[in-house]
1. Just checking, does segment 194-209 include any residue being in contact with a Leu (Cβ under 7 Å, 6 or more places away or on another chain), closer than 24 Å to Arg168 by Cβ and open to solvent by 10 Å² or more (accessible area, probe 1.4 Å)?
2. Taking the stated definitions as given, is Val222 modelled with pLDDT of 95 or more, touching a Lys or Arg at 6+ places or on another chain (Cβ under 8 Å), crowded, with 22+ Cβ neighbours inside 10 Å and not in a loop (DSSP other than H, G, I, E, B)?
3. Would you check which residues across segment 51-64 are assigned to a loop (DSSP other than H, G, I, E, B) and surrounded by 14 or more Cβ atoms within 10 Å (Cβ to Cβ) and list them?
4. Using beta carbons and a limit of 7 Å, which pairs, at least six apart or on different chains, have the first residue in segment 190-206 and in a loop (DSSP other than H, G, I, E, B) and the second one of a type in the set (Asp, Glu) and crowded, with 22+ Cβ neighbours inside 10 Å?
5. Hey, could you check segment 121-141 for residues that are away from the ligand (no atom under 15 Å from the Cβ) and in a helix (DSSP H, G or I) and say which is farthest from Ile93 (Cα to Cα)?
6. Sort through Ser116, Ser144 and tell me the only one that's open to solvent by less than 30 Å² (accessible area, probe 1.4 Å), of a type in the set (S, T, N, Q) and part of a helix (DSSP H, G or I).
7. Which number in (1) within 16 Å of the ligand (Cβ to nearest atom); (2) in a loop (DSSP other than H, G, I, E, B) marks the one condition that Lys251 misses?
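The values are calculated or read from the model by the stated rules, or taken from the named source; none is laboratory data. All figures in this text were calculated on a predicted structure; none of them were measured in a lab. All Cβ positions, glycine included, derive from the backbone under ideal geometry; neighbour counts span all protein chains shown. Surface areas here come from the heavy atoms of the whole protein model, side chains and all, with no ligands, DNA or RNA. Shrake-Rupley method; radii C 1.70, N 1.55, O 1.52, S 1.80 Å.
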Amino acid sequence: MTNGGGLMMGNCGCDRRGFFGHAFGCGAWVAIALTAGTATARQSQARTLTDPVVTSAFARIEKLADGVWAVISTPFAPDGGRGDRTTLSNGGIIAGRDGVLVVEGFNTPAGGAWLSDQALALTGRRPTHVVATHYHLDHVGGLSGFRRGADGPELLMTAQTGALSAQRNGLPRPVEGSPFAKAAPVLLPTLIVPEGEAVLDLGGRTVRLVARTGHTDSDVTVELDDPRVIFGGDLLWNGIFPNYVDADPVKLSAAVRAVLADPATLVVPGHGSLSNAADLSPYLGVLDAVEAAARRAHAAGMTVEKAASAFTLPPGLGAWTLFSAGFYTNAFKAWYRVLG
Ligand SMILES: [Zn+2]
């Protein structure tokens, strides 16, 4: 079934309008096939796994396969302090014959516009679709930068991410403890990513969008099967201590184990450098160390603040940079929410 937007839905039995209204009733699998010539179709941080094809002051782009690139942001200055946060989060570019998907909206409109230019340079066309893995501003704050006048890519999010973004991202910045300083226009999704799993067919390249929870109430991982690549959003961190501000740490731990189950998977974390799943085991160690310390502190009746200030990561896990000192406190707060 096609519609004016040129999108064809499979399995769902609904057109695009119906997709908005019935995303949760469409079953676990919804195929989205793009047709050519449509309105939409017109249009730590030092370690690299591959030689970057692009390097800027705030990010580099590494090629993972034909038509697949990772965007690795480099938000820390050489001394470890605050660097250029134009993009801030990681993401990616996935190109097929009929469409180009960008993973993440990035931190600022300038970051989004830069990504749009990079997609054009690398693939020959501007993004037709941008998927935001969750509502945090460093993943959606730059969405407006992908627009060019009245034209712009389809914006894909879960319904929950759209609702959370509308609710939380209208707040004045900065929020206490947040490393994300910018106020940004809030753009809502134009296509809803359903619960469960959806398939986006870009033409010779299919992408699975998997709805999960843990980092926030609604996270999406973007997954390729050949080669096996996962863009993990902020469920996955590498060398940068994770942000627990909205986390459910029990769900987070389960989601991370599921995402990293295949050790050969190439992983693009939400923050930090590229990794194979097997080499990201220190991240599981970080999550487990936080859990063990939080459970001990909670059982001993310690306050969150005291527990966080006493916490250090086991040295065997390597170096984990902190975006801000409050990140340990947020981690213990998250566990105390669970432990009661
Ligand atoms: Zn996040």
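1. No, segment 194-209 has no match at all.
2. Working: modelled with pLDDT of 95 or more: yes; touching a Lys or Arg at 6+ places or on another chain (Cβ under 8 Å): yes; crowded, with 22+ Cβ neighbours inside 10 Å: yes; not in a loop (DSSP other than H, G, I, E, B): yes.
In short, yes.
3. Here is the first cut: in segment 51-64, the ones assigned to a loop (DSSP other than H, G, I, E, B) are 51, 56-58.
Once the filter is applied, which keeps residues that are assigned to a loop (DSSP other than H, G, I, E, B) and surrounded by 14 or more Cβ atoms within 10 Å (Cβ to Cβ), segment 51-64 yields Ser56, Phe58.
4. Once the first residue is in a loop (DSSP other than H, G, I, E, B) and sits in segment 190-206, its partners that are of a type in the set (Asp, Glu) and crowded, with 22+ Cβ neighbours inside 10 Å give Thr190/Glu154.
5. The first filter runs over segment 121-141 and keeps only residues away from the ligand (no atom under 15 Å from the Cβ), leaving 121-130.
Those still in the list that are in a helix (DSSP H, G or I) too: 121-123.
On the way: Ala121: 11, Leu122: 9, Thr123: 9 Å.
It comes out as Ala121.
6. On the way: Ser144 fails: open to solvent by less than 30 Å² (accessible area, probe 1.4 Å).
Going through Ser116, Ser144 in turn, just one is open to solvent by less than 30 Å² (accessible area, probe 1.4 Å), of a type in the set (S, T, N, Q) and part of a helix (DSSP H, G or I): Ser116.
7. (2)
Conditions (1) among the polar types (S, T, N, Q); (2) over 25 Å from Leu322 (Cβ atoms); (3) in contact with a strand residue (DSSP E or B) (Cβ under 6 Å, 6 or more places away or on another chain), marked per residue:
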{"position": "Lys63", "(1), (2), (3)": "no, yes, yes"}
{"position": "Ile72", "(1), (2), (3)": "no, no, yes"}
{"position": "Gly83", "(1), (2), (3)": "no, no, yes"}
{"position": "Asp117", "(1), (2), (3)": "no, yes, no"}
{"position": "Thr123", "(1), (2), (3)": "yes, yes, yes"}
{"position": "Ala163", "(1), (2), (3)": "no, yes, no"}
